[in-house]
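For reference, the structure discussed in these notes is given below.
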Amino acid sequence: MSLRSKTQGMVSGMVQRQVNKAASQLQDEVKKTASVAAEGAQSGAYLYPLRGIYFLVRHPKLYERLKGVVYKAIITSVCVVVAMFVLTYLPQVAMLAVITGPLAFLAAIPLVLVESWLILNFINKTFIIGSASEKIFDAVLAERGYTDLVSKGRQVKVGPKGRKILGKAIMKPLKRFSTENLVRYIITLPLNFIPALGTVFFLLYNGQHTGPSYHDRYFQLKGMSSQETEEFVKARKGAYTSFGAASLALGLIPVISPLFSYTNAAGAALWAAELEAEQRGTTTKGGKDEEVEQVE
């Protein structure tokens with residue numbers, strides 16, 4: 001056997017081993033994600049983003065001062081989504097046709113939506129929404145009766161008829177945008193090449209990593225250390241995965257996706273209120289409701 005043949009054989013063997021290793025790791029990851037997803041389904045945490053929508057609809061005073069921000073975010077969303085479909089939809093259909101055949105026209109839709117969401121997520125969190133979702137979180141938590149907790153991170157004033165008015169933040173603002181999450185989204189973006197199942201796995205995998213971030217404000221108000229936070233999240237891994245996946249799925253809805261930045265924050269606060277009730281041993285989940293008129 002010639003040296004060239006031996007070299008080719010060695011290279012081929014190395015490539016095959018790497019492919020097998022990657023396939024094995026992917027299979028393990030799929031099994032882990034499926035297990036966590038089953039746990040999350042039992043927890044019911046995926047319902048909190050929907051409850052957040054219902055809660056804000058019933059309490060419009062909580063976001064009266066944020067309407068201008070919402071309008072800007074929606075206009076930006078329309079521009080980005082339209083531009084992405086005009087410029088990238090057909091080229092991606094052509095690319096996916098090699099993999100999915102006639103399903104390419106359908107498979108390209110979630111791919112373009114995810115790409116649009118990535119762009120909007122960066123623009124909204126960095127330039128438009130900023131700390132607005134944090135204000136909503138505090139307002140909902142105060143509305144559920146936990147002003148003592150909210151007052152650790154924000155001024156709380158008493159207005160007419162005993163209504164609570166939330167003022168300026170007195171804690172360091174949370175990090176608006178995560179580069180780590182962006183990199184993870186980009187790396188896992190090709191999962192959407194696989195019709196339906198690929199998008200589901202994309203949501204679950206990224207939801208597992210981003211779900212806990214919706215309670216960053218809660219952990220901050222509680223004064224929890226990184227180790228305490230890690231243990232707290234680990235004990236509720238399935239629940240945070242389902243919450244993160246549901247929130248991300250809502251974010252893929254064209255045009256109105258910026259609205260869900262607020263409703264997801266409201267849902268996270270409702271969940272935090274119930275977790276707080278469990279820890280305090282109160283009989284009524286969410287504490288005693290209080291009226292919060294506005295956020296300054």
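The values are calculated or read from the model by the stated rules, or taken from the named source; none is laboratory data. Keep in mind the model is a prediction, meaning the values are calculated, not measured. Cβ coordinates were reconstructed from backbone atoms using ideal geometry, including for glycine residues, and neighbour counts include every protein chain displayed. Surface accessibility is based on the protein's heavy atoms, side chains included, excluding ligands, DNA and RNA. Shrake-Rupley method; radii C 1.70, N 1.55, O 1.52, S 1.80 Å.
With the requirement that a residue be modelled with pLDDT of 85 or more, loosely packed, with under 14 Cβ neighbours inside 10 Å and of a type in the set (S, T, N, Q), what does the stretch 146-197 give you?
GLN155
Quick check on my filter: what residues within the stretch 254-278 are free of Cβ contacts under 8 Å to residues at least 12 places away in the same chain and open to solvent by 10 Å² or more (accessible area, probe 1.4 Å)?
Passing the criteria: only GLU278.
Go through the residues of the stretch 199-220 one by one and say whether even a single one is in a loop (DSSP other than H, G, I, E, B) and open to solvent by 50 Å² or more (accessible area, probe 1.4 Å).
No - not one qualifying residue is present in the stretch 199-220.
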